[in-house]
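Once you've had a glance at the structure underneath, I'll fire off some questions.
The values are calculated or read from the model by the stated rules, or taken from the named source; none is laboratory data. Note that this is a predicted model, so its numbers are computed, not measured. Glycine also receives a Cβ, built like all others from the backbone with ideal geometry; neighbour counts cover every protein chain displayed. These area figures cover heavy atoms from the full protein model, side chains too; ligands, DNA and RNA do not enter into them. Shrake-Rupley method; radii C 1.70, N 1.55, O 1.52, S 1.80 Å.
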Amino acid sequence: DIQTYISSGKIEIVAPEFVFSGNNGWKLFSDPIIQNSFTPEEIFGTDGLVYCYFNNNYYEVNEINANLPYWVYTENGDNAVVEGNFERTNRTINLNYGWNFVSNYHPITYNIGQLLFVHNNINYTFSEAVQSHLILPKCYDYDSKFVETSEILPGKSFWIYSFIDDLDLVMNPYSKLTAVTNFNNDEGQNLDINLRSNDNNNTKLTILTSNN
């Protein structure tokens, strides 16, 4: 008697390379490769311009470093491929009052509801941070103009507004996994799994069941 539970969650297999694609013109960019730096030409070709944002000013750069937010201008929409290792642990970004330019540290897509916040040692979900008047209820991407986005894509940066200084934004690539299954048999079997990762270690869970 084989009983199967199919989870609504998903497992992503991440290759050791990242493909950045986008339309020509201005776009927001983040390089998730952690051990290398790249020149703009290596990623975007000779027509690529890359700017960082620091102290309310923009500066053209000739080196792209891991996990920093950038503005990029290209005259073509060709794909760019970078190879190497990705960040695998939580990252904390300190937000200040006003608009903050933040990169996606990981090669995964975040729904903004997955973003976590910490202030005065109190943890907040995205909705709780909005209700507590810590942040605006929106994040912004750029596609010919600033556009509201509910997803932070891999290789992208985004803008978020904080109403206070010293607000920590936590990006956790290992979200809580909850699986609940009801086998609907005479024994009333029920399986409830809650899995959380350690901040600095990979987590592995193996479950074997048998009627013998």
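Inspect all residues belonging to region 61-74 and state whether any of them is under 21 Å from the mean Cα position of the chain (by Cα) and open to solvent by 100 Å² or more (accessible area, probe 1.4 Å).
At the first step, the residues of region 61-74 found to be under 21 Å from the mean Cα position of the chain (by Cα) are 64-72.
Still in the running and open to solvent by 100 Å² or more (accessible area, probe 1.4 Å): none.
No, that holds for no residue.
Quick test for you: out of Leu95, Leu115, pick the one residue that is open to solvent by less than 10 Å² (accessible area, probe 1.4 Å), out of contact with any Ser or Thr (no Cβ under 7 Å at 6 or more places or on another chain) and at pLDDT 90 or above. Steps first, please.
Values: Leu95 fails: out of contact with any Ser or Thr (no Cβ under 7 Å at 6 or more places or on another chain).
Unique residue meeting the criteria: Leu115.
Only residues in region 90-110 that are at positive phi count as the first member; pair them with residues that are open to solvent by less than 70 Å² (accessible area, probe 1.4 Å), Cβ under 8 angstrom, at least 6 apart or cross-chain, and list the lot.
Gly98/Tyr161; Gly98/Ser162
In region 24-37, how many are of a type outside the set (A, V, I, L, M), within 21 Å of the chain's Cα centre (by Cα) and open to solvent by 30 Å² or more (accessible area, probe 1.4 Å)? First the steps, then the outcome.
If we filter region 24-37 for residues that are of a type outside the set (A, V, I, L, M), which is where we start, we get 24-27, 29-32, 35-37.
Still in the running and within 21 Å of the chain's Cα centre (by Cα): 26-27, 29-32, 35-37.
From what's left, open to solvent by 30 Å² or more (accessible area, probe 1.4 Å): 26, 35-37.
The total comes to 4.
Can you confirm whether Asn57 is modelled with pLDDT of 75 or more and closer than 20 Å to Met171 by Cα?
Numbers: modelled with pLDDT of 75 or more: yes; closer than 20 Å to Met171 by Cα: no.
For Asn57, the condition - modelled with pLDDT of 75 or more and closer than 20 Å to Met171 by Cα - is not met.
Does any residue in region 116-130 that is over 12 Å from Val170 (Cα atoms) come within less than 7 Å, Cβ to Cβ, of a residue that is open to solvent by less than 80 Å² (accessible area, probe 1.4 Å) and at pLDDT 95 or above six or more places away or on a different chain, and which pairs are these?
Ala129/Phe117; Ala129/Ile135; Val130/Pro137
Restricting to region 99-149, count the residues that are within 17 Å of the chain's Cα centre (by Cα), within 25 Å of Asn24 (Cβ to Cβ) and among the hydroxyl-bearing types (Ser, Thr, Tyr).
Residues meeting the conditions: 5.
Just to be sure before I move on: is Asn85 over 19 Å from Ser144 (Cβ atoms), without any contact (Cβ under 8 Å) to a residue 40 or more places away in the chain and either among the polar types (S, T, N, Q) or touching a Cys at 6+ places or on another chain (Cβ under 8 Å) (or both) in the structure I sent?
Values: over 19 Å from Ser144 (Cβ atoms): yes; without any contact (Cβ under 8 Å) to a residue 40 or more places away in the chain: no; either among the polar types (S, T, N, Q) or touching a Cys at 6+ places or on another chain (Cβ under 8 Å) (or both): yes.
For Asn85, the condition - over 19 Å from Ser144 (Cβ atoms), without any contact (Cβ under 8 Å) to a residue 40 or more places away in the chain and either among the polar types (S, T, N, Q) or touching a Cys at 6+ places or on another chain (Cβ under 8 Å) (or both) - is not met.
Further question on the same structure: Among the residues of region 120-163, write down those that are surrounded by 13 or more Cβ atoms within 10 Å (Cβ to Cβ), part of a strand (DSSP E or B) and among the acidic types (Asp, Glu). Talk me through it step by step, then tell me what you get.
First, pick out the residues of region 120-163 that are surrounded by 13 or more Cβ atoms within 10 Å (Cβ to Cβ): 124-126, 128-130, 132, 134-136, 138-143, 149, 151-163.
When the remaining residues are screened for being part of a strand (DSSP E or B), the result is 124-125, 135-136, 138-142, 149, 151-152, 157-162.
Within region 120-163, Asp141, Glu151 qualify.
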